[in-house]
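Read the structure below first, then the notes.
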Amino acid sequence: MAVLDRDTINAVREGFTRHRLSWIDTLPFLFAALMYFFAARYLPLGTQVMIQVAFALSLDLALGYGGIDSLGHVAFFGMGAYAAGLYALYVSSEPLSGLAVAACIGALTGLVTGPLVLRARGLTVVMLTLAIATMLHELANTSAMKPITGGADGLFGFKIAPVFGMFSFDLYGRTAYWYSLGVVAFVFIICKLVVNSPFGLAVRGMRDNPVRMRMLGVNVTARLVTLYCVSGALAAMAGGLSAQVTKLVGLDSLAFLVSGNALVMLILGGAGRLYGAIVGATVFVALSDRAAAIDPFNWLFAVGGVLILAVRFAPQGIVGLIADWSQRLGWVRR
Amino acid sequence: MAAPALAIEGISKNFGGLRVSRDISLSLPVGARHALIGPNGAGKTTLVNLISGLLQPSSGRIALDGVDITNLAPERRVGLGLARTFQISSLFPSLTVAENVGLAFEARFGLDRRLWGRVRSRPEIVEGTAALLQSLGLLELARKRVADLPYGQRRLVEIALVLALEPKTLLLDEPAAGLAVSDRGALLDLLLRLPEALTILVIEHDMSLVFRLAQRITVLVEGQVMTEGSVADIRADPRVRDVYLGTRSHG
Ligand SMILES: Nc1ncnc2c1ncn2[C@@H]1O[C@H](COP(=O)(O)OP(=O)(O)OP(=O)(O)O)[C@@H](O)[C@H]1O
Ligand SMILES: [Mg+2]
């Protein structure tokens, strides 16, 4: 065999897609920082955006990259929310450890339900994930669970201690805003690391062709369970974050609507590219808020209309559309 | 005597009432070049699916290097040194050629469970892929997405994938199907250059390729072994001409 020279190796290395952190990645965070100074009125809305961005990112990892058609991702979100709420009520009001506990509960949920769900593919996965989320929702409302979950009243009356023991949560939502931004940055970086890792390549392989993956000797179900746990941990962090900044955990944090909305966000922004989750969640939350402010009764029409337009004219999502155009205009090379 | 690389004993497979494989037995010593031929629908692909574990036999046993693998999960069989290609290309269309081959290296080294580090900075993946693509003359394709390749090139990438696994036993399901005549020569050269210790079971309709590659040939008809013998035996067997070669050469 001929000796390999550096150039050949480097040329082949270029064949491996890279999702490196670049200046583009700082844009959303720069934007968020600017918003703090110039649109302080919208900080609570910005915080909601960030909770949804974190959740949509977690869904993108499972669905966009791994091809796990989860319609029940709210199960992780809700478990995380209740975990963070209960932790604040009974253990400690320290927020970071609360998030860590939420993440662990999310991963555990993935570990328990994953083997059940992930042996199947396609529509069966959709139904199973949906069924699990619905069961959890019902379970949280049973009289047996009421002493723990608070039933329809939910969990409330807990306090969240200052972040790092220094920054207390204020009435204007400033600390909540920065705190959420930090959590989103953390979730985003974890997603990037996972996507770039050897495991991340295997995940994309499983989405494309699980049978071929098995024939390469990969235990597909086991890898999917790992992905489900990672995604579940991040989704639960989003739920925990929501519980901490709103200081309330209700049954709606296990409601199907949360899953459905996140799916719409991914379709809007574009699945399987991380940026899609950021853009989609931002557009969705901002649009819903504005539309509801203009017409509190019929605002869903606006959201539905935009979704139809997006599916018709940007089937790869907004980010997909931008990527297409910038390629066509020669801004980036493939 | 050493255990055969691949031993199949009385394998049968029924799909409902349809008996697709009937009491098939086959033994390949280490380093064998064995061809499996037979008319369309004879059950050749089904046999490969049974050996690789994508299908479970209704009865019979399969052993790899003397180890019974009849009830082993498909991915575990790969771990024991079994690799296969598919009759219809089975690759990762949205990934690049480098990533396709890199995935095979990754799987072979057990790196697919690594959540940290970057694929691009693993020398065993990148350099292994580069060396293999170079030896197959596929370097130019490294950055192309498989979905953008013509079918003939996909067939070669599929071979690269299984070679990256460095198997001990290789099952090839019609590797020349879909290849232009000019590419078939290159494929044959490639297969003839494979290490001697590699055991190969190849299904192929292209008889010139079969006769040049194989030492022994099994003829499968309606799920049953009709005959097995050396290349010369099979070429001279009038029954084989009737059921298979005859009907083919008229076409
Ligand atoms: N999953 C299945 N369910 C039912 N019947 C099947 C199944 N798979 C294969 N068969 C049947 O088994 C028979 C053998 O199929 P197989 O694909 O093994 O043939 P083959 O020898 O590979 O043919 P070819 O040369 O066309 O590739 C065919 O009649 C086919 O219809
Ligand atoms: Mg076949």
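Of note:
- Three-way shape label, the range A:119-186, alpha-carbon gyration tensor, a/c 1.5: oblate
- Taking all C-alpha pairs of the range B:91-166, those more than 21 Å from each other amount to 19 percent.
- Angle of helix B:97-108 to the longest C-alpha principal axis of chain B, folded into 0 to 90 degrees and rounded to 10: 80°.
- Relative contact order, whole percent, for chain A stands at 30, derived from Cα pairs under 8 Å and 6 or more residues apart.
- The distance from the alpha carbon centre of the range B:118-160 to that of the range B:16-56 is 30 Å, rounded to a whole number.
- Part-to-part distance (alpha-carbon centres) for the range A:248-308 and the range A:31-68, which is given in Å: 11
- The calculated 222 nm mean residue ellipticity attributable to helices in chain B amounts to -9500 deg cm²/dmol, summing -39500 (n - 2.57) over DSSP H runs of n ≥ 4 and dividing by all residues.
- Taking every C-alpha pair closer than 8 Å and separated by at least 6 residues, the mean separation divided by the residue count of the range B:91-166 gives a relative contact order of 52 percent.
- Cross-link partners of residue A:192 among lysines (Cα-Cα below 24 Å; sequence separation of 8 or more within a chain): B:144
- Percent of C-alpha pairs per 20 Å bin in chain A, short distances first: 30, 58, 12, 1.
- The range B:130-251 shape via C-alpha gyration tensor axes, a/c threshold 1.5: prolate
- GNM flexibility winner over chain B from B:97, B:20, B:119 (Cα, springs under 10 Å): B:119
- Amide H within-cut-off set for residue B:91, under 5 Å, with H built and near neighbours excluded: none
- Helix axis angle, A:299-313 relative to chain A longest principal axis, alpha carbon, degrees: 0
- Largest accessible area first, the listed residues B:114, B:33 line up as B:114, B:33 when surface is computed with a 1.4 Å probe on the assembled protein chains.
- Largest GNM mean-square fluctuation across B:128, B:152, B:137, computed for chain B with C-alpha springs under 10 Å, falls on B:137.
- Among A:52, A:244, A:316, residue whose mean-square fluctuation peaks in a GNM of chain A (springs only between Cα atoms under 10 Å): A:316
- The alpha carbon gyration tensor of the range A:102-147 gives principal lengths a ≥ b ≥ c with a/c of 1.5 or higher and a/b no greater than b/c, which makes the shape oblate.
- Tilt relative to chain B, helix B:151-164 - C-alpha long axis, 0 to 90 degrees, to 10: 80
- Pairwise FRET efficiency - residue A:161 versus residue B:180, Cβ, R0 = 56 Å, nearest 0.05: 0.20
- With 5 Å bins from 0: P(r) over chain B, alpha-carbon pairs, percent: 1, 6, 13, 17, 19, 17, 13, 9, 4, 2, 1, 0, 0
- Solvent-accessible surface of the range B:91-166, taken per residue with a 1.4 Å probe and all protein chains present: 37 Å².
- With eigenvalues of the C-alpha gyration tensor scaled by 5 and rooted, the range A:42-201, Å: 27, 22, 13
- In this rough spin-label picture, where each label sits 7 Å from Cα along the Cβ direction, the residue B:40-residue A:6 distance is 5.5 nm.
- Shielding score for B:89-98, defined as the mean number of other chain Cβ atoms within 10 Å: 5
- Solvent exposure of the range A:13-155 as accessible area per residue, Å², 1.4 Å probe: 46
- Accessible surface buried upon A-B contact (total; probe 1.4 Å; Å², nearest 100): 4100
- Whole-number percent relative contact order across the range A:187-320, with pairs defined as alpha carbons under 8 Å at least 6 apart: 19
- Of the residues A:178, A:23, A:299, A:325, ranked by 1.4 Å probe accessible area with the largest first, the sequence reads A:23, A:325, A:178, A:299.
- Compactness ratio for the protein assembly as shown: Cα radius of gyration over 2.2 N^0.38 Å (N = residue count) comes to 1.14.
The values are calculated or read from the model by the stated rules, or taken from the named source; none is laboratory data. As the structure is a prediction and not an experimental result, all values here were calculated from the model. Neighbour counts run over all protein chains shown; Cβ positions are idealised from the backbone, glycine included. Please note that ligands, DNA and RNA were not included when accessible areas were found on the heavy atoms of the full protein model with its side chains. Shrake-Rupley method; radii C 1.70, N 1.55, O 1.52, S 1.80 Å.
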